[in-house]
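Following: one structure in structure tokens, then a few remarks.
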Amino acid sequence: QVQLVESGGGLVQAGGSLRLSCAASGSSFSINVMGWYRQAPGKQRELVADITPGGSTKYADSVKGRFTISRDNAKNTVYLQMNSLKPEDTAVYYCRVTSSLYIYWGQGTQVTVSS
């Protein structure tokens, strides 16, 4: 069994910054892509950013230039640095980790950006 522990969400004013972390632990497994998704009330869950083991990244157009995803392969941890936050970034942010066989989701962490 794999556990994903997320941290770093909270309340911030528009223009502020937050850093999310997600640490994967559990049975021996080989992690592939690590990423962050978000879901705002009444909306579908969407990709924010993801990163391969080699460091290739992908971002949603809405966060390009403001968010940066990174990972520490030795710690099985993925990070999301969020700068210049906007009220429309308000959502529950979920960590997602894939292995060769399975997809794992974190429990979600709330990010609220006030105007």
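The values are calculated or read from the model by the stated rules, or taken from the named source; none is laboratory data. Note that the structure is predicted; figures quoted are calculated from it, not measured. Heads up, the Cβs are rebuilt from the backbone with ideal geometry, glycines too, and the neighbour counts pull from every protein chain shown. Areas reflect the complete protein model, heavy atoms only, side chains present, ligands, DNA and RNA absent. Shrake-Rupley method; radii C 1.70, N 1.55, O 1.52, S 1.80 Å.
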**Request:** Show the residues, 5+ positions off or on another chain, whose built amide H is closer than 5 Å to the amide H of Leu85.
**Result:** Gly15, Gly16
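On full extension of the chain, what length is gained from Ser56 through Ser7, given 0.36 nm per residue of separation minus the C-alpha to C-alpha distance? Let's see the in-between values first.
Values: separation 49, 0.36 × 49 = 17.64 nm, distance 2.31 nm.
Stretched out fully, the Ser56 to Ser7 stretch lengthens by 15.3 nm.
Hey, what's the chain come to in accessible area per residue, 1.4 Å probe, Å²?
Numbers: 6060 Å² over 115 residues.
The answer is 53 Å² per residue.
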**Gaussian network model of the chain, springs between alpha carbon atoms under 10 Å - residue of Lys43, Lys86, Lys58 with greatest fluctuation** = Lys43
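Using alpha-carbon pairs under 8 Å, 6+ residues apart, how would you state the relative contact order of the range 1-102 in percent? Don't skip to the answer; put the middle values down first.
Values: 200 pairs, mean separation 35.7, N = 102.
RCO, the range 1-102: 35 percent.
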**Item:** Inter-site label distance for Ser30 and Thr98 at 7 Å from Cα along Cβ, in nm
**Value:** 1.5
**Prompt:** Along the range 106-115, what does the Karplus equation 6.51 cos²θ - 1.76 cosθ + 1.60 (θ = phi - 60°) give for ³J(HN,Hα), rounded to whole Hz, x for Gly and Pro?
**Reply:** x, 7, x, 9, 7, 10, 10, 10, 8, 8
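Given Cβ point charges of +1 (Lys, Arg) and -1 (Asp, Glu) and nothing else, what value in debye, to the nearest 20, does the dipole of the range 1-86 about its Cα centre take? Please report the intermediate quantities before stating the final value.
Details: 10 positive and 5 negative charges, 41 e Å.
Around 200 debye, computed over the range 1-86.
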